[in-house]
Amino acid sequence: MVHPDTELRFVSPTIGWGVFATRPIPRGTLTWALDVLDQRFTSAEIRAMPPYAREQLEKYSYVDFRGDHILCWDHARFFNHSCSANCLSVGYEFEIAVRDIAAGEELTDDYGTLNPIEPFPCFCGANHCRTQILPDDHVRLGAEWNRLARDAFFLIRSVPQPLWDVVSDRATIEAALDDPNRLRPIHHHFVTKRTVPGA
Ligand SMILES: [Zn+2]
């Protein structure tokens, strides 16, 4: 479920739709959390789908650490990529604002953290745009993503969290807030070995 202070807006004919803040969202706020209405598809299920369904799933889903595709039921599936994303995740099934997000600003994440199967060109316009997003970006960028997400994680208790009740592993997260040594790194999300749907 995506943060309630967001809405869908049309960005451009090239990019399509995006998720925008309707109010300021401070760093440390959970901006999305996996919830029971999100759909999970295994590689076997995807192989059995007709091509049009696979195509839509590839466009709107992300791949979790199990190699399953997750299709968000709400406008979270319209999060666009940025090479300077303002939302990232540590090793739990939520995204967190890694800097203050102003009202009217687009919420973005880094598709490199979401186990992309194929390389794709990037036109995000960020100062340090990578121009191409690669399946192994996490090898080069994982440590920096983790630093950003970790710093934001420890602000969780200091900002309003409208999605807190949606989070499934609250006890695990509370334990990590109490003891930083128990914090899962972002690397928890990365699939190192997976079956490519349709292969
Ligand atoms: Zn880019």
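Within the shell of other residues whose beta carbon sits under 13 angstrom from the beta carbon of ALA97, the net charge comes to -4, with Lys and Arg scored +1 and Asp and Glu -1.
Accessible area of ILE156, 1.4 Å probe, to the nearest 10 Å²? The value for ILE156 is about 10 Å².
Within the full protein context, the accessible area of VAL11 is estimated at about 50 Å² for a probe radius of 1.4 Å.
Where Lys and Arg each count +1 and Asp and Glu each count -1, what net charge lies around ASN80 among other residues with Cβ under 15 Å from its Cβ?
Working: positive: ARG9, LYS59, ARG77, ARG130; negative: GLU7, GLU95, GLU105, GLU106, ASP109, ASP110.
So the environment of ASN80 carries a net charge of -2.
In the context of the full protein assembly, ASP68 retains an accessible surface of approximately 20 Å², using a probe radius of 1.4 Å and ignoring ligands and nucleic acids. For PHE120, PHE78, the ranking by accessible surface with the largest value first comes to PHE120, PHE78, using a 1.4 Å probe.
Computed from backbone phi, the HN-Hα couplings of region 74-86 come to 10, 6, 4, 6, 9, 4, 8, 7, 9, 6, 10, 5, 9 Hz, rounded to whole numbers (Karplus: 6.51 cos²θ - 1.76 cosθ + 1.60, θ = phi - 60°; Gly and Pro given as x). Sorting LEU57, LEU34 on solvent-accessible area from highest to lowest, probe radius 1.4 Å, gives LEU34, LEU57. In sequence order, region 116-132 has phi-based couplings of x, 8, 10, x, 8, x, 10, 10, 5, x, 5, 3, 10, 4, 7, 6, 9 Hz under the Karplus curve 6.51 cos²θ - 1.76 cosθ + 1.60, θ = phi - 60°, and Gly or Pro positions carry x.
Please report the relative contact order for the chain, taking Cα pairs under 8 Å with a sequence separation of at least 6, and give it as a percent rounded to a whole number.
Working: 388 pairs, mean separation 56.6, N = 199.
Reported as a whole number, the value is 28 percent.
Show TYR52, TYR92, TYR111, TYR62 ordered by accessible area, largest first, where the area counts protein heavy atoms only and the probe is 1.4 Å. Mind showing how you got there, number by number?
Values: TYR52 160, TYR92 5, TYR111 70, TYR62 40 Å².
In descending accessible area the options line up as TYR52, TYR111, TYR62, TYR92.
Using the Karplus relation 6.51 cos²θ - 1.76 cosθ + 1.60 with θ = phi - 60°, the per-residue 3J(HN,Hα) values for region 181-190 come to 5, 9, 5, 6, x, 4, 4, 4, 7, 7 Hz, with x marking Gly and Pro.
The values are calculated or read from the model by the stated rules, or taken from the named source; none is laboratory data. The structure displayed is predicted, hence computed values, not measured ones. Methodologically, a virtual Cβ is constructed for each residue, glycine included, from the backbone with ideal geometry; neighbour enumeration extends over all protein chains shown. Just the protein is used for accessible areas: all its heavy atoms, side chains included, with ligands, DNA and RNA removed. Shrake-Rupley method; radii C 1.70, N 1.55, O 1.52, S 1.80 Å.
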